[in-house]
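Structure record follows, encoded as structure tokens.
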Amino acid sequence: MSSKTSDTLSTILAMEVENPETRRDDAKLEGLGYRPELKRAFTAWETFGVAFSIMGVVPSIASTIFYNLPYGGPVGMIWGWLISACLIMFIGLAMGELASSMPTSGGLYYWTHKLSPPQYRDFLAWMVGYNSFLGNVAAVSSLAWACAGIFFAAASINNPDFTASAGEQFGLYIGILLACGLFCAYCTGLFARLQTPSVVLNVILSLVTIIGLPIARRKELNTGAFTFGGFVNLTSWPSGFAFMLSFLAPVWTICSFDCAVSISEEATNAAIAVPQAIVGAIGSAGILGTIILIILSLTMGSDVAAINDDALGQPLAYIYLQAFGVKGSLVVWSFMCIAQLSMTASLLLPSSRQAFAFARDGALPFSRYFHHIDSFSGTPVRSVWLVVGCAIPLGALCFADPVNYSAINAIFSLAIMGPYVAYGIPIGAKLLWGRETFVPGPWYLGRFSRICGLVAVVWMFFAIVLFSFPADTDPDAGSFNYACVVAAGVWAFATIYWYLPKIGGKTFFRGPITTEMMTMEDVDRIEDYSIQKGDDTGFQGGAKVDPVRSVEL
């Protein structure tokens, strides 16, 4: 054994005596080529809590019941959810083994770069990074918009004559984003500790719905035939296609589970905790959501059109109001507001970490500026505000249809399209080229690995096409599905940006810039590009970097 190897082993053993789990995680990260920069503040339970809290089943059902109630009634609600949850589990299983093999915050595009052949890896990693960023921004935007709607639903429960204007909705939407931004930028430690209360709150809301609604509505329950087999199509789409469109609600809810990957560098025992969090969150949300939707179908009454079109503007609030009255509904709904706010913050945090990881590798415009750790909070504050700043303009889609808000619904589809492209590319790369490049981690599917990956890729391709359709036939400018327009714009921007002569991504992006890969040429290339873009703050937020050790000098 060489003296250098002996010294390295001695160092690692010494670190494990001091703090075994954290030091092992850091050693694994260094083995992937990255210097640990973020605090490992999340336990395995808290990592699961982040993934599960983002899904927040009851608040998410409140936010998306518009997308399954009119598309099949009880059949769309229950069976659409259950079918989608089973298919989504294949994505989680395929992603879990990648997360175990390579636990880094840059997960999706890091995996793509490592698994793809040299002639494709840079461009594919580039597209994955931009689709991840697109999906994260859209998901944060959709959660914040849903949160604003839930807050205003509370006002409508208290005063049936109250109707919020588009301007008021947009103003509250911005306020929610700013509040969550402050929390995620400066209160990460507190945020980690609040994951357990957040999970408890979601469980309480679930129990209130599962137990409270049948008791309150015990004299007005629907029949079993209607609860499980009642089909109501309130759209102009054919019944079969309408049923498939009901998948939007569960797919939007059981999404963004890659947030657990984005905090891999802040999680302890990440190679096990992260895949467990992904699969556990999907399974929990799938089962819990099915049970809750059965209860809602049982207790909501049989007039689906009346529930969907009620002036309250929030079908779940209407169902609670019929069961608990004004005062009881307001109590439940106030906790719903807290849970939805927690979900928005829970997604903003890992979204900012993905942006930080992407900037770390020089792929974002002004990467030197956004790859920066705040000295006070120890968090990537600038990346937090980048995500918030990009999410705010998406809310302006509400002004395209300020009455029915049809146009703003595109952000819910967009929050699926971006992630599914980003999920599909690394899973596809593993299927195509992984036999030679993939090294299994401690959490591995074995002989089921390939079939899970195939099902996941086929399902995601189908979902992307499906959710590009508008909510109804013959849409006008106000009801058009703008998700495909925004997504195509981002894809075009990323592609054009890649091929721009002299300053395009092709000239400087070499995938994840790890400590072992970085050379002075890489540093100079990124710095020269950033200077051309007008950013002179210095590499890594103003700190010069030793390309070998990747430590601030």
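The values are calculated or read from the model by the stated rules, or taken from the named source; none is laboratory data. Everything quoted here is computed from the prediction, not taken from an experiment. Here the Cβ positions follow ideal geometry from the backbone for every residue, glycine too, while neighbour counts run over all protein chains shown.
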Out of region 164-186, which residues are touching a residue at least 60 places away in the same chain (Cβ under 8 Å) and either among the hydrophobic types (A, V, I, L, M, F, W, C) or more than 24 Å from L347 (Cα to Cα) (or both)?
S165, A166, F170, I174, I176, L177, L178, A179, C180, F183, C184, A185
Please verify whether region 198-205 includes one or more residues that are in a helix (DSSP H, G or I) and over 22 Å from the mean Cα position of the chain (by Cα).
yes
Which of the residues belonging to region 196-236 are buried (at least 19 other Cβ atoms within 10 Å of the Cβ) and touching a strand residue (DSSP E or B) at 6+ places or on another chain (Cβ under 8 Å)?
N233
State all residues of region 385-404 that are at pLDDT below 85 and β-branched (V, I, T); if no residue qualifies, say none.
V403
Among the residues of region 475-505, which ones are of a type in the set (A, V, I, L, M) and under 19 Å from the mean Cα position of the chain (by Cα)?
A483, V486, A487, V490
Condition check for I294: at pLDDT 90 or above and either over 23 Å from the mean Cα position of the chain (by Cα) or among the acidic types (D, E) (or both)
yes
Residue check, G31 against (1) modelled with pLDDT of 65 or more; (2) touching a helix residue (DSSP H, G or I) at 6+ places or on another chain (Cβ under 9 Å), all met but one. Which one?
(2)
Quick count over region 370-394, residues being surrounded by 24 or more Cβ atoms within 10 Å (Cβ to Cβ), touching a residue at least 40 places away in the same chain (Cβ under 8 Å) and within 17 Å of the chain's Cα centre (by Cα), is 4
Please verify whether region 452-467 includes one or more residues that are in a loop (DSSP other than H, G, I, E, B) and under 22 Å from S246 (Cα atoms).
yes
Tally, over region 84-127, of residues that are of a type in the set (A, V, I, L, M, F, W, C) and within 17 Å of D361 (Cα to Cα):
8
Can you report the number of residues in region 219-249 which are closer than 21 Å to Q322 by Cβ, part of a loop (DSSP other than H, G, I, E, B) and in contact with a Ser or Thr (Cβ under 8 Å, 6 or more places away or on another chain)?
4
What tally of residues in region 426-447 results from selecting those that are in contact (Cβ under 8 Å) with a residue 24 or more places away in the chain and more than 18 Å from A125 (Cα to Cα)?
7
Given the criterion surrounded by 14 or more Cβ atoms within 10 Å (Cβ to Cβ) and either modelled with pLDDT under 85 or over 16 Å from G96 (Cβ atoms) (or both), identify the matching residue among F438, F412.
F412
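Matching residues to (1) polar (S, T, N, Q); (2) within 15 Å of Q314 (Cα to Cα):
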| position | (1), (2) |
| --- | --- |
| F52 | no, no |
| V57 | no, no |
| F66 | no, yes |
| M95 | no, no |
| Y120 | no, no |
| S132 | yes, no |
| F152 | no, yes |
Which residues, taken from region 250-262, are under 15 Å from S84 (Cβ atoms), hydrophobic (A, V, I, L, M, F, W, C) and either touching a Phe, Trp or Tyr at 6+ places or on another chain (Cβ under 7 Å) or assigned to a helix (DSSP H, G or I) (or both)?
V251, W252
Filter region 79-103 for residues that are within 18 Å of the chain's Cα centre (by Cα) and either small (G, A, S) or surrounded by fewer than 24 Cβ atoms within 10 Å (Cβ to Cβ) (or both) and give the result.
S84, A85, L87, M89, F90, G92, L93, A94, G96, A99
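Per-residue answers, yes or no, for (1) buried (at least 22 other Cβ atoms within 10 Å of the Cβ); (2) at negative phi; (3) modelled with pLDDT under 85; (4) under 14 Å from the mean Cα position of the chain (by Cα):
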position: K327; (1), (2), (3), (4): no, yes, no, no
position: W333; (1), (2), (3), (4): yes, yes, no, no
position: M336; (1), (2), (3), (4): yes, yes, no, no
position: L348; (1), (2), (3), (4): yes, yes, no, yes
position: S352; (1), (2), (3), (4): yes, yes, no, yes
position: R360; (1), (2), (3), (4): yes, yes, yes, no
position: P365; (1), (2), (3), (4): no, yes, yes, no
position: R368; (1), (2), (3), (4): yes, yes, yes, no
Which count do you get for residues in region 258-317 that are at positive phi and either β-branched (V, I, T) or crowded, with 19+ Cβ neighbours inside 10 Å (or both)?
1
Are any residues in region 351-382 assigned to a loop (DSSP other than H, G, I, E, B), farther than 17 Å from S264 by Cβ and of a type in the set (S, T, Y), and if so, which ones?
S375, S377
Considering residues that are closer than 24 Å to Y71 by Cβ, in a helix (DSSP H, G or I) and in contact with a Phe, Trp or Tyr (Cβ under 6 Å, 6 or more places away or on another chain), the number found within region 304-348 is 1
What pairs come out if I take residues in region 55-78 that are surrounded by fewer than 24 Cβ atoms within 10 Å (Cβ to Cβ) and pair them with residues that are polar (S, T, N, Q) and in a helix (DSSP H, G or I) whose C-beta lies under 8 Å away, six or more apart or interchain?
T64/T253; F66/N308; F66/N409
Out of (1) in a helix (DSSP H, G or I); (2) more than 23 Å from Y320 (Cα to Cα); (3) at pLDDT 90 or above, the one E265 does not meet is (3)
Condition first: in contact with a His (Cβ under 6 Å, 6 or more places away or on another chain) and either part of a helix (DSSP H, G or I) or modelled with pLDDT under 50 (or both). Now tell me which residues in region 489-532 satisfy that.
none
